[in-house]
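K.L.:
Pasting a structure below so you can have a look.
The values are calculated or read from the model by the stated rules, or taken from the named source; none is laboratory data. None of these values were measured; they are calculated from a predicted model. Please note: Cβ atoms are built from the backbone with ideal geometry, for glycine as well, and neighbour counts cover all protein chains shown. For the accessible areas, the whole protein counts, side chains as well, though only heavy atoms, and no ligand, DNA or RNA atoms are used. Shrake-Rupley method; radii C 1.70, N 1.55, O 1.52, S 1.80 Å.
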Amino acid sequence: MLGGKGRSLVVLGTFLLTAGFSFKNYYLIICGVFFLFATFISLPAFESSMNIDELHVTREIDNTRVFRDDFMHIKVIIKNTGGNKFDFLDIFDQFPAKAFRLVTGENYISTRIDPHKTIKFSYVLAPRVRGEFEFGPLEVTVRDRLGFNAEKRIVPKSLTDIIIYPPYEQIRALELMGAQRAMAMSFGVHQTKKKGTGTDLRNLRQYVAGDQFRLIDWKASMRLQKLIVREFESERNVSTIILIDSSESMAGGAVDATKFEYSIKSAMLLAKIAMEQKDQVGIATFSDRSNFRWLAPTTKRSHFYDIINFLGEITPQGKKEIYWSIEEFSRSWDKRSLVFLITDLEIAQLDVLAAFRKLKSYGHAVCVISPFSPWFEIHELELTSTDKALAEAISEEMMLHIVNIKKDSQKLGVPVISVAPDDMFEVIMAEYQESKRVGKAE
């Protein structure tokens, strides 16, 4: 194909040829023919002497799964497997600028390469945000000495999926916070066990009609001269399911502090607390019909890291189809559970209430945590109290929509709690603790 200079000469030659015929100037006609002839005669010579397929270009990445506070080292290797020398070779390795920043080195090189030689270059990137991103492709461009002709190729299979997790320190902090809160729940003033058929003795009481004979404590009965039965207690271990809205609307807010990012962190914190309480934890993310993902509950000790890995691949995309998503979840999991639904509720009220009814019809205890968009969008801004009041006034319509949903959801026994970035963690921990205390979903 023609390079930049080659295309310029074609344009110039065509212009001179047209002008020569228009003004009957044979000098312009000869110049135009010469430029066109020189340009096109060089193209077959270039293509016969330069075989770009002789170049073998590969990329090596030290790790395709990184934490946001880590670095990625990328190495590009160019091998000339043929007998031709390439004097003007450009290699460009693309990466998503919104997800990475260049720390050192360059992601391109302009060089020459002799026959059967190898050239390498490398650079280092730092991740900007959490999520899954497509890395690449690699572009190879070969030019002639004068720049008249060039050939560009995209290296096959040079797209790589990269997963960026939240900062490692942040994950450790969430783990520690969850473990501490779970310990506080275990030794707090509220009751963490219930009467049942477990193995821990609760108390002794007098026999009443209908008690099972196997529960009679014969030694105590003989001592007191009346029938005494034992009561046992069992742990309140339930299945905790976290449903996270991953639609486009959840991307509102600062780049690394969107509603979805806070939802991800809240889900990890809640999962850690629940697992410390010996609950099974399942995670689902949803938006439209092509973006529903489900991680079933399990008793594996490594399940928390499975959750981190699962959530690390999710980015907000697609429209919100909440009722269809709840139906899909119900097909995947029908055991009565404690369900936390995290969504901004930016969808028609009828669809929201239909989704709530669907969850309740399966006997789930449901709690809705709703990140309120204006509070997230102004969170990182230094606004005066007057500006904040104005921002809240502008969002009055949205607030009215949420209030109407809350009124109808109360009739279904589904609490809807609007949260801001500053209180989201505390709210979701408090709601889980209260649900365990009163014995929901048991």
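K.L.:
Out of the residues in the stretch 82-100 that are surrounded by fewer than 12 Cβ atoms within 10 Å (Cβ to Cβ) and either under 20 Å from Val66 (Cα atoms) or at pLDDT 90 or above (or both), state the one that is nearest to the chain's Cα centre (by Cα).
P.N.:
Per the criteria, the residue is Lys98.
K.L.:
Of all helices (runs of 4 or more DSSP H) completely enclosed by the stretch 200-313, which ones contain at least 1 residues that are open to solvent by less than 10 Å² (accessible area, probe 1.4 Å) and of a type in the set (D, E, K, R)?
P.N.:
By residue number, 259-276.
K.L.:
On the given criteria, is Arg331 modelled with pLDDT under 90, basic (Lys, Arg) and exposed (fewer than 14 other Cβ atoms within 10 Å of the Cβ)? If you could, list the steps in order and put the result at the bottom.
P.N.:
Working: modelled with pLDDT under 90: no; basic (Lys, Arg): yes; exposed (fewer than 14 other Cβ atoms within 10 Å of the Cβ): yes.
In short, no.
K.L.:
Can you tell me which condition Asn107 does not meet? The list is (1) under 14 Å from Ile61 (Cβ atoms); (2) without any contact (Cβ under 8 Å) to a residue 40 or more places away in the chain; (3) surrounded by fewer than 17 Cβ atoms within 10 Å (Cβ to Cβ), and all the others hold.
P.N.:
That leaves (3) as the condition not met.
K.L.:
Going through the stretch 54-77 one residue at a time, which ones are more than 31 Å from the chain's Cα centre (by Cα) and either under 30 Å from Leu311 (Cα atoms) or in contact (Cβ under 8 Å) with a residue 60 or more places away in the chain (or both)?
P.N.:
Selection gives Leu55 alone.
K.L.:
If you don't mind, there's one more thing I want to ask. Yes or no: Ile326 among the β-branched types (Val, Ile, Thr), touching a strand residue (DSSP E or B) at 6+ places or on another chain (Cβ under 9 Å), at pLDDT 90 or above and part of a helix (DSSP H, G or I)?
P.N.:
On the way: among the β-branched types (Val, Ile, Thr): yes; touching a strand residue (DSSP E or B) at 6+ places or on another chain (Cβ under 9 Å): yes; at pLDDT 90 or above: yes; part of a helix (DSSP H, G or I): yes.
For Ile326, the condition - among the β-branched types (Val, Ile, Thr), touching a strand residue (DSSP E or B) at 6+ places or on another chain (Cβ under 9 Å), at pLDDT 90 or above and part of a helix (DSSP H, G or I) - is met.
K.L.:
Follow-up question, since we're still on this one. Please go through the stretch 410-422 and pick out each residue that is at pLDDT below 90 and either loosely packed, with under 15 Cβ neighbours inside 10 Å or assigned to a strand (DSSP E or B) (or both). Reasoning before the result, please.
P.N.:
The initial filter retains those residues of the stretch 410-422 that are at pLDDT below 90, namely 420-422.
Selection gives Asp422 alone.
K.L.:
Considering each residue of the stretch 350-370, count those that are within 20 Å of Lys259 (Cα to Cα) and part of a helix (DSSP H, G or I), and give that number.
P.N.:
1
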